[in-house]
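For reference, the structure is listed below as structure tokens.
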């Protein structure tokens, strides 16, 4: 009887830990037409919003949306994609604009541009070029890869993590659908001595028709790149709308471990903001009950 009680208490404790992480979810959006209105309509201003950058639209679209959401009272994290920055003068202009708008957190990925706009090919190069200006931001996020990258070897991604980590404050994981892969990856990151808090990347409540429409707006090149990144995504979406419930449930036992230093969830919404927020609130209600 005692064992059953202990088991139930452990499960309750794990669910409380997951609920706390879910409350701190960040919503990633693409800077496309209508997304500002969606955020204003469906998200409270205590939800942090991250804004992607695309080769087709350029950094200006990211900066414009970030500034608008900041004026509306949201915490905003723009993506500063290294391959979209032309040179150090352009970098300084972008940083000045972000700071003037009130941005204090950046997400610095390499970016998806096949051909860099200028001298920066990687996030490491851009972070190094920022130099002392990194201290002007309270938080700087970098990318982590629970699964092998389609173009970069595991050895290279591990070395890149070592190079970037001293210049960053958080790790944002790419989407992964397998809970065991995620938890094993976090354990390996910790075993290698990287102690930065990790935001676990998780798809929101996404409809495949909407995803394909957004992909076409962004451009066929990016759509193809996305599919290469996540080879099992479309097979799931073509049969049903993706629901994060199972992944969240399978992650629950591990997320209760404070040694993993999970900061929260980074929800890739693909602009399905309303559906994703409804799912989040319903899940929080279920966990509370």
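The values are calculated or read from the model by the stated rules, or taken from the named source; none is laboratory data. These numbers come from a predicted model, not from an experiment. Cβ atoms come from the backbone with ideal geometry, glycine included; neighbour counts cover every protein chain shown.
Got a number for residues in segment 256-282 being assigned to a helix (DSSP H, G or I), surrounded by 14 or more Cβ atoms within 10 Å (Cβ to Cβ) and modelled with pLDDT under 95?
Number satisfying all stated conditions: 2.
Residue by residue, here is whether (1) at pLDDT 95 or above; (2) touching a strand residue (DSSP E or B) at 6+ places or on another chain (Cβ under 6 Å); (3) assigned to a helix (DSSP H, G or I) holds:
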{"position": "16", "(1), (2), (3)": "no, no, yes"}
{"position": "31", "(1), (2), (3)": "yes, yes, no"}
{"position": "40", "(1), (2), (3)": "yes, no, yes"}
{"position": "45", "(1), (2), (3)": "yes, no, no"}
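Hey, among the residues in segment 56-91 that are touching a residue at least 40 places away in the same chain (Cβ under 8 Å) and assigned to a helix (DSSP H, G or I), which one's farthest from residue 130 (Cα to Cα)? Steps first, please.
Initial filter on segment 56-91 (touching a residue at least 40 places away in the same chain (Cβ under 8 Å)): 56-57, 77, 80, 82, 85, 88.
Checking which are assigned to a helix (DSSP H, G or I) leaves us with 82, 88.
Values: 82: 11, 88: 8 Å.
If we take residues in segment 56-91 being touching a residue at least 40 places away in the same chain (Cβ under 8 Å) and assigned to a helix (DSSP H, G or I), then 82 is farthest from residue 130 (Cα to Cα).
Exactly one of (1) in contact with a strand residue (DSSP E or B) (Cβ under 8 Å, 6 or more places away or on another chain); (2) at pLDDT 95 or above; (3) buried (at least 21 other Cβ atoms within 10 Å of the Cβ) is unmet by residue 146. Its number?
Among (1) in contact with a strand residue (DSSP E or B) (Cβ under 8 Å, 6 or more places away or on another chain); (2) at pLDDT 95 or above; (3) buried (at least 21 other Cβ atoms within 10 Å of the Cβ), residue 146 violates only (2).
State whether one or more residues within segment 109-116 are touching a strand residue (DSSP E or B) at 6+ places or on another chain (Cβ under 8 Å) and either part of a helix (DSSP H, G or I) or loosely packed, with under 15 Cβ neighbours inside 10 Å (or both).
Looking through segment 109-116, none of the residues is touching a strand residue (DSSP E or B) at 6+ places or on another chain (Cβ under 8 Å) and either part of a helix (DSSP H, G or I) or loosely packed, with under 15 Cβ neighbours inside 10 Å (or both).
If we keep just the residues of segment 153-179 that are in a helix (DSSP H, G or I) and in contact (Cβ under 8 Å) with a residue 40 or more places away in the chain, which is nearest to residue 136 (Cα to Cα)? Don't jump to the end; show me each part of the working.
Of the residues in segment 153-179, the ones in a helix (DSSP H, G or I) are 154-167, 179.
This time we only want the ones that are in contact (Cβ under 8 Å) with a residue 40 or more places away in the chain, so: 164, 167, 179.
Values: 164: 17, 167: 12, 179: 36 Å.
Across segment 153-179, the extreme among qualifying residues is 167.
Could we say that residue 156 is surrounded by fewer than 16 Cβ atoms within 10 Å (Cβ to Cβ) and within 18 Å of residue 125 (Cβ to Cβ) here? Steps first, please.
Numbers: surrounded by fewer than 16 Cβ atoms within 10 Å (Cβ to Cβ): yes; within 18 Å of residue 125 (Cβ to Cβ): yes.
Criteria met by residue 156.
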